[in-house]
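First up is the structure itself, then whatever we jot down about it.
The values are calculated or read from the model by the stated rules, or taken from the named source; none is laboratory data. Everything numeric here is computed off the predicted structure, so don't read it as measured data. Virtual Cβ from ideal backbone geometry, glycine too; neighbours counted across all protein chains shown. Remember, those area values only see protein heavy atoms, side chains included, never the ligands or the DNA or RNA. Shrake-Rupley method; radii C 1.70, N 1.55, O 1.52, S 1.80 Å.
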Amino acid sequence: MWWDNAVIYQVYLRSFQDSDGDGVGDLPGVLARLEHIAKLGAGAVWLSPVYPSPNYDFGYDVSDFSAVHPDFGTLDDLDALITRAHELGLRVMLDFVPCHTSIEHPWFREHPEYYVWAKEIPNNWRAAFGGPAWELDPQSNRYYLSSFFPEQADLDWHNPQLRAAMAGALRFWAQRGIDGFRLDALDRISKDAELRDEPPAAGPPPLPLDPADAELEHPFSRNAPGLEVPLKTIREAVGDALLVGEVFLPTTELGPYLEWLDICFSFETMFAAGDGEALTEAITAALQNSRPGWVLSNHDFDRLATRAGPGNGRAATLLLLCLPGPAFIYQGDELGMGNGVPATPVQDRHGRDQLRMPMRWDESESAGFTTGTPWLSTGEAEVPSVSAQERDPHSTLTLVRAAVTLRAELDGPVAVESPAPGTVVVTRGDHVIAVNLSAEPQPGPPADGLELEANPGDGRDLSVIPPHGGWIARRPR
Ligand code: NOJ
């Protein structure tokens, strides 16, 4: 399939490129920058939610599933973007948000039966961003289930009319030429119809959770039996479009999702990013148990350059781009952007502003992002812009382009190991990829013929993997 080895570039629309000077990125802005994405060697672009939204969760609180937010442009702008992207050989993916809507979605009042309600707080379920997962609706004097922000109400996929409405929305986009969907928070699509209490946690959670939520196991509030009905609805609506699951579970639990989806993000790998041994374990588990999409960063968690630890960003990027299967680059990762400065005023109540700083296109005051005032401060010029990095043969952008080009040549049997502290060594057929995320030099695997180095000079002596470095080489014959 087209995505088997694709690089998929995540555009966080609000922060990518503004075209009309209102300080918010938009679809014509993306259109104007498609060449940048194509030049990276990406096969697809994934747009963060394009829909109308009151922006309590910046688009993940959808108020109309079949329209474009006026801040981003019009349906015609999206059509034009799809057309141009296809001309450039890029597929276009939307972010689809199946598990909740904004409480300002007309359905919330016109079709309350699409949501999950209770007269009294029925159980101990917790919201992902803190607090109980139940909110009082003063108008009806009932509680609605709200697994994220209070302004987001969970949908009830047990209801066949809701399923039909969501299928209609997906078909609407598939018919416009959308090639794939990233499905948001999919572990929440199936919940216990009896709303039973979660039991206490038996140990620490496999992936990071809000502290109160981490005190519970989650057999009922998420990932409950009965997944096949909603997932079949989604699959049938989109035909053979790419379906990527954002399923916040360890890879050992992704099997039932992958009966309907093409790939799921490997979050264990993402959270292991600075630790060679943990990375080796997570990559191995993902390859054994699932069809992983490798994520360097996204708009929810620390950026790779920050998460991987000082000096490790380039080596970790090289590694993740050379793993078998689709890899996702979040805008700015190709520049080595780390977390930005906290925004004033605060935009995201869950503290994610620092991950959503505008792209740095050039060295001008607003970095070429806008002619107006950016919705989030662009902060200090922590990394050089696209235009500066394009001129620099040693820049992160140059490295990422070279790694994406080399990816196409990597195939054959895969083996992943951590032969020395802090290292990850991946063999792929004729190639070996070696990175060292520790501060000490480590012995390298047998190698012959340097292909690419994470930092200038890393491949000078292939018997060594330098600290915070790495390389790709040919394996000896
Ligand atoms: C995951 C999205 O990536 C995140 O930004 C959002 O807040 C939650 N899902 C809720 O939709």
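Of all the helices (runs of 4 or more DSSP H) wholly in the stretch 122-240, which have at least 3 residues that are open to solvent by less than 10 Å² (accessible area, probe 1.4 Å)? Show your work before the answer.
Numbers: elements: 160-175, 211-214, 228-238.
Where helices (runs of 4 or more DSSP H) fall fully within the stretch 122-240 and carry at least 3 residues being open to solvent by less than 10 Å² (accessible area, probe 1.4 Å), they are 160-175, 228-238.
At pLDDT 95 or above and either open to solvent by less than 20 Å² (accessible area, probe 1.4 Å) or touching a His at 6+ places or on another chain (Cβ under 6 Å) (or both): does that describe residue 400? Taking the combined requirement at face value, the residue satisfies it. Residue 67 passes every criterion in (1) more than 16 Å from the ligand (Cβ to nearest atom); (2) touching a residue at least 40 places away in the same chain (Cβ under 8 Å); (3) within 24 Å of residue 235 (Cα to Cα) apart from (2). Filtered by the rule that a residue be away from the ligand (no atom under 16 Å from the Cβ), over 21 Å from residue 438 (Cα atoms) and either open to solvent by 10 Å² or more (accessible area, probe 1.4 Å) or touching a helix residue (DSSP H, G or I) at 6+ places or on another chain (Cβ under 8 Å) (or both), the stretch 290-328 gives 290, 291, 292, 294, 324, 325, 327.
Is it true that residue 354 is within 16 Å of the ligand (Cβ to nearest atom), in a helix (DSSP H, G or I) and either open to solvent by 20 Å² or more (accessible area, probe 1.4 Å) or not basic (Lys, Arg) (or both)? Show your work before the answer.
Numbers: within 16 Å of the ligand (Cβ to nearest atom): yes; in a helix (DSSP H, G or I): yes; either open to solvent by 20 Å² or more (accessible area, probe 1.4 Å) or not basic (Lys, Arg) (or both): yes.
Against the criterion (within 16 Å of the ligand (Cβ to nearest atom), in a helix (DSSP H, G or I) and either open to solvent by 20 Å² or more (accessible area, probe 1.4 Å) or not basic (Lys, Arg) (or both)), residue 354 qualifies.
Residue count for the stretch 383-422 under the criterion of being part of a loop (DSSP other than H, G, I, E, B), touching a strand residue (DSSP E or B) at 6+ places or on another chain (Cβ under 7 Å) and not charged (D, E, K, R): the result is 7.
Results for (1) of a type in the set (Val, Ile, Thr); (2) out of contact with any strand residue (DSSP E or B) (no Cβ under 6 Å at 6 or more places or on another chain), shown as yes or no for each residue.
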{"position": "7", "(1), (2)": "yes, no"}
{"position": "15", "(1), (2)": "no, yes"}
{"position": "23", "(1), (2)": "no, yes"}
{"position": "31", "(1), (2)": "no, yes"}
{"position": "42", "(1), (2)": "no, no"}
{"position": "79", "(1), (2)": "no, yes"}
{"position": "86", "(1), (2)": "no, yes"}
{"position": "93", "(1), (2)": "no, no"}
{"position": "104", "(1), (2)": "no, yes"}
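To keep it simple, each residue is scored yes or no on (1) over 16 Å from the mean Cα position of the chain (by Cα); (2) under 25 Å from residue 405 (Cα atoms); (3) part of a helix (DSSP H, G or I); (4) of a type in the set (Lys, Arg).
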| residue | (1), (2), (3), (4) |
| --- | --- |
| 257 | yes, no, yes, no |
| 277 | yes, no, yes, no |
| 288 | yes, no, yes, no |
| 294 | no, yes, no, no |
| 301 | no, no, no, no |
